[in-house]
Amino acid sequence: AQTVTQSQPEMSVQEAETVTLSCTYDTSESDYYLFWYKQPPSRQMILVIRQEAYKQQNATENRFSVNFQKAAKSFSLKISDSQLGDAAMYFCAYRRTRSGGGADGLTFGKGTHLIIQP
Amino acid sequence: GAVVSQHPSWVICKSGTSVKIECRSLDFQATTMFWYRQFPKQSLMLMATSNEGSKATYEQGVEKDKFLINHASLTLSTLTVTSAHPEDSSFYICSARDLLEAFQETQYFGPGTRLLVL
């Protein structure tokens with residue numbers, strides 16, 4: 001079974017600074033997707049960024065970027081120029097790719113609570 | 001963007017009663033929807049995969065007779081918690097995969113339903 005590990009229960013960063021959230025995963029699959037989701041106090045899950053395992057290039061979405069190390073099974077999220085609105089729980093998630101179509105649910109890590117200090 | 005709604009947003013019920021939670025994709029069609037459960041300050045755990053027109057697939061340890069899932073149309077999946085007990089109290093979240101976005105592999109999440117069983 002796949003597992004996703006987030007070793008940082010809580011992280012704190014000053015506004016406008018950069019912070020990196022860690023995520024490692026374990027899988028025997030060669031093709032899969034990795035995600036970072038944000039869950040603010042409203043508890044609505046919001047997709048932050050997605051990475052396809054077959055792509056060597058790290059995904060980037062504005063202030064959010066990932067460092068995907070496939071061999072090390074590591075998928076960290078870097079948030080640049082942190083803003084107060086970035087404060088939330090951040091979940092790393094894994095989903096395998098099914099051949100022939102179909103879909104699997106996501107396997108989530110335990111989450112990292114990100115605090116932004118003004 | 002794709003929107004998923006859930007109804008009700010919160011529900012309180014007496015022990016022994018059944019509760020139905022609806023998950024709707026508002027502006028897209030979804031052959032596959034997923035149900036997750038989230039305990040306070042914990043991660044999301046996949047409960048089951050809901051497939052339009054066929055039986056749901058349940059994760060190991062999830063009682064299918066306890067959590068009845070029906071996916072009667074391309075825009076609606078329902079989760080019924082039967083004979084609810086206090087230990088069923090939790091936050092239930094659904095997600096949906098856009099039929100026309102199969103290769104994007106993004107799941108869109110509903111806002112969640114908070115269930116409290118007294």
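The values are calculated or read from the model by the stated rules, or taken from the named source; none is laboratory data. Predicted model, so just to flag it, every value in this text is computed and none were measured. Neighbour counts are summed over all protein chains in view; Cβ atoms, including those assigned to glycine, are modelled from backbone coordinates with ideal geometry. We work out accessible area using only protein heavy atoms, side chains counted, and drop any ligands, DNA or RNA first. Shrake-Rupley method; radii C 1.70, N 1.55, O 1.52, S 1.80 Å.
The set of residues in region A:40-63 being in a loop (DSSP other than H, G, I, E, B), open to solvent by 80 Å² or more (accessible area, probe 1.4 Å) and more than 13 Å from chain B (Cβ to nearest Cβ) consists of A:Q56, A:Q57, A:N62. The condition of being within 10 Å of the chain's Cα centre (by Cα), more than 10 Å from every other protein chain (Cβ to nearest Cβ) and either hydrophobic (A, V, I, L, M, F, W, C) or in a strand (DSSP E or B) (or both) holds for only one of B:T78, B:T49, that being B:T78.
Among the criteria (1) buried (at least 22 other Cβ atoms within 10 Å of the Cβ); (2) within 13 Å of another protein chain (Cβ to nearest Cβ), the one B:A56 does not fulfil is (1).
Can you tell me which residue among A:L21, A:L106 is out of contact with any Cys (no Cβ under 6 Å at 6 or more places or on another chain) and closer than 23 Å to B:E59 by Cα?
Numbers: A:L21 fails: closer than 23 Å to B:E59 by Cα.
Result: A:L106 is the single residue among A:L21, A:L106 that is out of contact with any Cys (no Cβ under 6 Å at 6 or more places or on another chain) and closer than 23 Å to B:E59 by Cα.
Yes/no per residue for (1) within 10 Å of the chain's Cα centre (by Cα); (2) of a type in the set (V, I, T); (3) over 12 Å from A:F91 (Cα atoms):
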site: A:Q14; (1), (2), (3): no, no, yes
site: A:T18; (1), (2), (3): no, yes, yes
site: A:Y25; (1), (2), (3): no, no, yes
site: A:S28; (1), (2), (3): no, no, yes
site: A:W36; (1), (2), (3): yes, no, no
site: A:Q51; (1), (2), (3): yes, no, yes
site: A:Q56; (1), (2), (3): no, no, yes
site: A:S65; (1), (2), (3): yes, no, yes
site: A:S76; (1), (2), (3): yes, no, no
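With respect to (1) within 11 Å of chain A (Cβ to nearest Cβ); (2) part of a loop (DSSP other than H, G, I, E, B), the lone exception for B:G61 is condition (1).
Identify the residue in region A:20-32 that is outside any loop (DSSP other than H, G, I, E, B) and crowded, with 19+ Cβ neighbours inside 10 Å and, among all such residues, is nearest to the other protein chains (Cβ to nearest Cβ). Per the stated criteria, the residue is A:Y32.
Given the criteria out of contact with any helix residue (DSSP H, G or I) (no Cβ under 7 Å at 6 or more places or on another chain), part of a strand (DSSP E or B), facing chain A (nearest Cβ under 8 Å) and crowded, with 22+ Cβ neighbours inside 10 Å, does B:Y92 qualify? The answer is no for B:Y92.
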